[in-house]
C-alpha cells in the first residue's frame, strides 16, 4: 500500500495528501482504522489532555505515523516509540514520503512492552 501510494504520487507533497491516499487504500482493503487518534498522557496519576495525535491506528494493532520531511530526525523515531508505549500497542510504522527511496523510508518500530 505504501509503495503504491509513493509510486503514484511521488515525493514532495504535504503529509495530508499522503494521509488521504492512505485512507483510500485502507478503505479499499476493508481494513478498520482510526485517523488522528487522540492520545492522552498520564502523569502522577492525572490524565493530561495535551493534544497528541496518532496519524493512523489500523485494526487496533498498528500505528502508522506519516511524515513528508527532508530527513527523519531522531525525534520522529522517539515520537512513534512514545506513541506505542502510551497506547500500549506493539507495532508501528514510521513512513517518510519525501524521499528518493521509499523502501529505505519505511521504518518498523516495536514496543517491547
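Computed from the coordinates by the stated procedures, all read-outs in this text should not be read as laboratory data. All figures in this text were calculated on a predicted structure; none of them were measured in a lab. Cβ sites come from the backbone with ideal geometry, for glycine too, and all protein chains shown count toward neighbours.
Taking only Cα atoms and a 10 Å spring cutoff, compute GNM fluctuations for the chain and point out the largest among 92, 51, 103.
51
Between residue 49 and residue 13, how high is the FRET efficiency from 1/(1 + (r/R0)^6) when r is the Cβ-Cβ distance and R₀ = 22 Å? Nearest 0.05. Show your work: numbers first, answer last.
Details: r = 31 Å, r/R0 = 1.39.
The computed FRET efficiency comes out at 0.10.
Which of 66, 95, 58 moves most in a GNM of the chain, Cα contacts under 10 Å?
58
Mean-square fluctuation check for the chain, GNM, Cα pairs under 10 Å: which of 56, 20, 97 is largest?
Comparing 56, 20, 97 in a Gaussian network model of the chain, the most mobile one is 20.
How big is the stretch 66-113 along each principal axis, measuring the range of its Cα positions in Å and listing the largest first?
Here the Cα extents, ordered largest to smallest, are 33, 18, 13 Å.
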